[in-house]
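> One structure coming up, written as structure tokens, with questions to follow.
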Amino acid sequence: MSDFRVSKEDVLLLLSRAVAYPAEVGQRLQWLLHFAEHGSIRGTCRHFGIPRTTFYRWARRFDPLNITSLVDLPTVLPGKPVGVSVPPQPRGRPQRLPRP
């Protein structure tokens, strides 16, 4: 049995508000609704053709009081602080420094 407690009523309430959010939010709510109705993670993943790890990730993030918990987070590249741009690299042969 799964450790996730998903209420059908909570999901239906959020589904009515999902129109203002990206389509992926509605899709993830459909997954959770199917799970709430059938109680099977395996069956839900087979029905929608998604990996179980994907379902588990979104089920863990799901907060019935916050629909934005199902919105994709921005991707941050490793080693690059957010909001810092990298200067463009010059093309062609690298310039040699003059000899001292």
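> Can you name the condition, by its number, that Arg28 falls short on among (1) without any contact (Cβ under 8 Å) to a residue 40 or more places away in the chain; (2) closer than 23 Å to Asn66 by Cα?
Every condition holds for Arg28 apart from (1).
> Being of a type in the set (A, V, I, L, M, F, W, C), modelled with pLDDT of 90 or more, surrounded by 12 or more Cβ atoms within 10 Å (Cβ to Cβ) and not in a loop (DSSP other than H, G, I, E, B) narrows it down to one residue among Val25, Val11; which is it?
Testing whether each residue is of a type in the set (A, V, I, L, M, F, W, C), modelled with pLDDT of 90 or more, surrounded by 12 or more Cβ atoms within 10 Å (Cβ to Cβ) and not in a loop (DSSP other than H, G, I, E, B) leaves just Val25.
> Would you be able to say whether some residue in the range 58-77 is out of contact with any Asp or Glu (no Cβ under 6 Å at 6 or more places or on another chain), free of Cβ contacts under 8 Å to residues at least 12 places away in the same chain, part of a helix (DSSP H, G or I) and not charged (D, E, K, R)?
Within the range 58-77 (the criterion being out of contact with any Asp or Glu (no Cβ under 6 Å at 6 or more places or on another chain), free of Cβ contacts under 8 Å to residues at least 12 places away in the same chain, part of a helix (DSSP H, G or I) and not charged (D, E, K, R)), the answer is no, since none of the residues qualifies.
> Return the residues of the range 28-56 that are surrounded by 15 or more Cβ atoms within 10 Å (Cβ to Cβ) and outside any helix (DSSP H, G or I); say none if nothing qualifies.
Ile50
The values are calculated or read from the model by the stated rules, or taken from the named source; none is laboratory data. Keep in mind that this is a model prediction, so the values were computed, not measured. Note that each Cβ is placed from the backbone with ideal geometry, even for glycine, and that neighbours are counted across all protein chains shown.
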